[in-house]
Amino acid sequence: MAQLTLTGIHKRYDNAEKKLFKKKKVNDYAVKDLSFTCEDGEFVGILGPSGCGKSTTLRMVAGLEEITGGDAYIGNVRINNLLPKDRNIGLAFEDYALYPPLTVYENLAFNMRAKKMPDSEIKKAIDYVAPLLKVDDLLDMKPPALSGGQKQRVNIARAIVRRPGLLLLDEPLSHLDGKMRQALRHEIKRMHHEIKCTTIIVTHDQMEAMSLADRIVIMKDGELQQMGTPLEVYDNPENEFVAGFIGEPPMNLLQSIVHHESGQFFFTFENSPLRVEVPERYYNFLQNNQKVILGVRPVDVMVAKRTTAGSHVPISIYENLGDERRVSVRVGDMLLNMTTTEDVRYERGQMVQLEFNAEKTHLFHPETGSRIR
């Protein structure tokens, strides 16, 4: 096992293509001032949308991309200029990259034979790893005869068979169907507990990151947005981007104007009669007519069982998904989504009143997106 530390990492690609009207070259930073630590034996997920720099970060750790600026350490060793073979890492790509003419056993043994390890040690290593990834019954088969899930298990087994200090997984489940992804997530989690290897997984799928990782690094446009446990980033998002990216369905983010009346604050919404009481914990940070982004998760909004003389809003969408119901209501020009496990049915256009779990609301600055404490 090993601790990974990234300090002020930058990655810039020099775009040598001539732009329209012969503009000068553009220096694009794929990763900007990225710093975090992956503790010894920890499972960390790097999560973000396509193009946010997460795979580039992994490739810099692996030694497949040069680091433009900053320092990377495995343990106490600075690895910026070390060759990939000298970093004691295992890497499983999104693509399986198995050797078709070789059997599964020979694929697993390939790198160890290249290092001229004795056959007895190779067999011992494969006999230990193969059952962990459930490929022990595939050892005599060749890759063309395997399913996608089997190929990916072999791919991961090949990465860990040398017992690396650091295991890097680059979107290993992206090519698999939903059921197979869930099954292999369980296998990866169980494997991690067995070998206790420091592991980093790159993914754009928040379900993978939330279910697998001890802590999650969330990136956008090459920059770190937040790092924390799955519960921390879900319950206490640092900014509007994290709030909207984590959670399925995502958090409602509603443009709101704070209204002060008779010593009390209310969230109001343009072209909507809806008014929501502001929790007292926000009073010191708000003022009358202030614009904010109100964030509330779908599970923290409910249709009121008892109606009063207050405002009503119309149902726009009703979805029965079996284990839960999803309801969307129109708030001005915005949709407010709710989820419930209650066996209820609503019709489009039906007028309802809402109840908010006020203590579960979040406020964000409308221009910067930063969280209002």
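Here the relative contact order of region 4-245, from alpha carbon pairs under 8 Å that lie six or more residues apart, stands at 27 percent. With a threshold of 22 Å on the Cα-Cα distance, the over-threshold entries among K54/K142; K291/K360; K305/K360 are K54/K142. DSSP finds beta bridges in region 4-245, and of those with both partners inside it, around 55 percent are antiparallel.
Note on Y13, Y73: ascending count of other Cβ atoms within 10 Å places them as Y13, Y73, the fewest first. Karplus-based coupling profile of region 70-75, in residue order and whole Hz: x, 10, 10, 10, 10, x, with θ = phi - 60° in 6.51 cos²θ - 1.76 cosθ + 1.60 and x standing for Gly or Pro.
The simple Förster model, with R0 at 22 Å and r as the Cβ-Cβ distance, assigns V77 and S35 a FRET efficiency of 0.80.
In this structure the amide hydrogen of Q225, modeled in the peptide plane, comes within under 5 Å of the amide hydrogens of I218, M219, K220, none closer than 5 places in sequence on its chain. Straight-line reach from K32: which aspartates and glutamates have Cα under 12 Å away, leaving out those fewer than 8 places along the same chain? Within reach: D221, E223. The residues packed around E324, meaning those with a beta-carbon under 15 Å from its beta-carbon, carry a net charge of -2 if Lys and Arg are +1 and Asp and Glu are -1. Potential lengthening of the chain between K179 and D119 amounts to 17.9 nm, from the contour at 0.36 nm per residue minus the alpha-carbon distance.
Ordering T68, H193, Y346 by Cα displacement along the dipole of the chain toward the positive end leaves T68 in first place; charges were set at the Cβ atoms of Lys, Arg (+1) and Asp, Glu (-1). For the pair region 197-243 and region 300-373, the centres of their Cα atoms are 26 angstrom apart. Placing a label point 7 Å from the Cα of Y99 along the Cα-to-Cβ direction, the residues of region 154-193 whose backbone N falls under 19 Å from that point are 154-163.
Taking label positions 7 Å along the Cα-Cβ direction at both Q264 and E280, the computed distance is 1.3 nm, reported to one decimal.
Helix 148-160 versus the longest principal axis of the chain: what is the Cα-based angle in degrees, 0 to 90, to the nearest 10? Long axis of 148-160 versus the principal axis of the chain: about 60 degrees.
Each of Y318, L173, N107 was scored by the projection of its Cα onto the charge dipole of the chain, and the greatest displacement toward the positive side belongs to N107; charges sit on the C-beta of Lys, Arg, Asp and Glu. Per-residue ellipticity at 222 nm from helix content only, as computed over the chain with -39500 (n - 2.57) for each DSSP H run of at least four residues, stands at -6500 deg cm²/dmol. Rounded to the nearest 20, the size of the Cβ-charge dipole of region 252-364 about its Cα centre is 120 debye, with Lys and Arg at +1 and Asp and Glu at -1. Using 0.36 nm per residue and subtracting the Cα-Cα separation, the extra length available between E194 and V299 on full extension is 34.3 nm.
Since every read-out is calculated from the coordinates, none of them should be taken as a lab result. Keep in mind that this is a model prediction, so the values were computed, not measured. Methodologically, a virtual Cβ is constructed for each residue, glycine included, from the backbone with ideal geometry; neighbour enumeration extends over all protein chains shown.
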